[in-house]
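Peer 1: Let me give you the structure first, and then I'll get to my questions.
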Amino acid sequence: MKIGFIGGGNMAKAIIGGLKNNGFDMTAIAVLELDAQKRTELIAEFNVRASDNYDEIRNTDVIVLAVKPQQLREVCQKLTSMTSTQLIISIAAGIRSVNISEWMNHYQAIVRVMPNTPAQIQAGVSALYALANVSQQQRDQATTILAAVGKTLWLDDETKMDAVTAISGSGPAYVFYLIEALQEAAIGLGLKQEEAQMLAVQTFAGAGLLAAQSTTDVKTLRAQVTSKGGTTEQGILALENANLKNIMMLAAKAAADKSRTLGDDLAK
């Protein structure tokens, strides 16, 4: 499989790095990147081909669109004359597959992906949606590429992408916010900055790993830590009195609503 990336930013580098770690042949990867410094870094770090010429990605099996959403229409229009059977994978946030298809003269071999930032350490999760004409082989190609940076989840309805954006796309920011809050609480209770940071970060990391590896659902895991009449119970009661679950639901809804609005705006 020959892969071409248009755009050599952080997410493209994360995917290329994940492929490299999985033993993928780096000489089969080409990157179209306009920034000369980024091209130099990509070649030095990954030994891929990198240039500012579209011909670099012409003879590939898969083209990954890793540019900013505002740049995608122009890129798609340039690709129209050089695509025939290639799979197009877009990781541009908010842009719907139907719009990509329209911008590429109704091209149909398109998969839209919503990855998240933990992909940078191969611990991400990516939701994928394919247009109806995408073959099983092309689906497998998309899975192979995105599995290099974490878990994959195929969606049967593209409208679910707004929910995915709100939960896993924006989710890392919610987690960082909660870690920040826990650190501040620790400092308020008398711990030093470095002590607070280590305890908060490792608590989130460990709890997340336990939830990921356990066969027990998170509600039960939470109950197991919350002994009757204990310290954790008092903390949980304070969170429930503050209606934290509802606050999180409101945050997710706000993010999903914004995702839909951005999709509408970017399609114009």
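The values are calculated or read from the model by the stated rules, or taken from the named source; none is laboratory data. All of these numbers come straight from a predicted model, not from anything done at the bench. No Cβ is skipped: glycine too gets one built from the backbone with ideal geometry, and neighbour counts run over all protein chains shown. The protein model used for the area step is the full one, side chains on, heavy atoms only, and it has no ligands, DNA or RNA in it. Shrake-Rupley method; radii C 1.70, N 1.55, O 1.52, S 1.80 Å.
Peer 1: Being in contact (Cβ under 8 Å) with a residue 12 or more places away in the chain and assigned to a loop (DSSP other than H, G, I, E, B) is the filter here, so list the residues in region 19-50 that pass it.
Peer 2: ASN22, PHE24, GLU33, LEU34, ASP35, ASN47, VAL48
Here's the yes/no breakdown for (1) without any contact (Cβ under 8 Å) to a residue 24 or more places away in the chain; (2) open to solvent by 50 Å² or more (accessible area, probe 1.4 Å); (3) hydroxyl-bearing (Ser, Thr, Tyr):
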residue: GLN138; (1), (2), (3): no, no, no
residue: LEU153; (1), (2), (3): no, yes, no
residue: GLN183; (1), (2), (3): yes, no, no
residue: GLN213; (1), (2), (3): yes, yes, no
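Peer 1: Mind checking which residues of region 75-109 are surrounded by fewer than 18 Cβ atoms within 10 Å (Cβ to Cβ) and not in a loop (DSSP other than H, G, I, E, B)?
Peer 2: GLN77, LYS78, THR80, SER81, MET82, VAL98, GLU102, listed by residue number.
Peer 1: Determine if region 249-263 includes at least one residue that is more than 21 Å from TYR174 (Cα to Cα) and in contact (Cβ under 8 Å) with a residue 12 or more places away in the chain.
Peer 2: Yes, because at least one residue in region 249-263 is more than 21 Å from TYR174 (Cα to Cα) and in contact (Cβ under 8 Å) with a residue 12 or more places away in the chain.
Peer 1: Tell me, which residue of region 169-203 that is closer than 16 Å to LYS253 by Cα and not aliphatic (A, V, I, L, M) is nearest to the chain's Cα centre (by Cα)?
Peer 2: It comes out as GLY169.
Peer 1: Where residues in region 110-136 are hydroxyl-bearing (Ser, Thr, Tyr) and open to solvent by 30 Å² or more (accessible area, probe 1.4 Å), which of them is farthest from ALA93 (Cα to Cα)?
Peer 2: Checking each candidate, the answer is SER135.
Peer 1: Residues being surrounded by fewer than 22 Cβ atoms within 10 Å (Cβ to Cβ) and not in a loop (DSSP other than H, G, I, E, B): count how many of those fall in region 51-61.
Peer 2: Residues in region 51-61 being surrounded by fewer than 22 Cβ atoms within 10 Å (Cβ to Cβ) and not in a loop (DSSP other than H, G, I, E, B): 4 in total.
Peer 1: Return the only residue of VAL175, VAL134, VAL164 being farther than 24 Å from ALA14 by Cα and among the β-branched types (Val, Ile, Thr).
Peer 2: VAL134
Peer 1: Regarding region 18-33, can at least one residue be identified that is within 19 Å of the chain's Cα centre (by Cα) and open to solvent by less than 30 Å² (accessible area, probe 1.4 Å)?
Peer 2: Yes: region 18-33 contains one or more residues that are within 19 Å of the chain's Cα centre (by Cα) and open to solvent by less than 30 Å² (accessible area, probe 1.4 Å).
Every residue, every condition in (1) of a type in the set (A, V, I, L, M); (2) open to solvent by 50 Å² or more (accessible area, probe 1.4 Å), yes or no:
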residue: PRO172; (1), (2): no, no
residue: ILE187; (1), (2): yes, yes
residue: GLU195; (1), (2): no, yes
residue: VAL201; (1), (2): yes, yes
residue: ARG222; (1), (2): no, yes
residue: LEU239; (1), (2): yes, yes
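Peer 1: Of everything in region 251-268, what is over 15 Å from ALA92 (Cα atoms), surrounded by fewer than 16 Cβ atoms within 10 Å (Cβ to Cβ) and small (Gly, Ala, Ser)? Give them in sequence order.
Peer 2: Correct list: ALA254 only.
Peer 1: Further question on the same structure: Is it fair to say ALA166 is under 17 Å from the mean Cα position of the chain (by Cα) and either at pLDDT below 95 or over 19 Å from PHE5 (Cβ atoms) (or both)?
Peer 2: It is true that ALA166 is under 17 Å from the mean Cα position of the chain (by Cα) and either at pLDDT below 95 or over 19 Å from PHE5 (Cβ atoms) (or both).
Peer 1: In region 110-120, is there at least one residue being in a helix (DSSP H, G or I), of a type in the set (A, V, I, L, M, F, W, C) and in contact (Cβ under 8 Å) with a residue 60 or more places away in the chain?
Peer 2: Yes: one or more hits.
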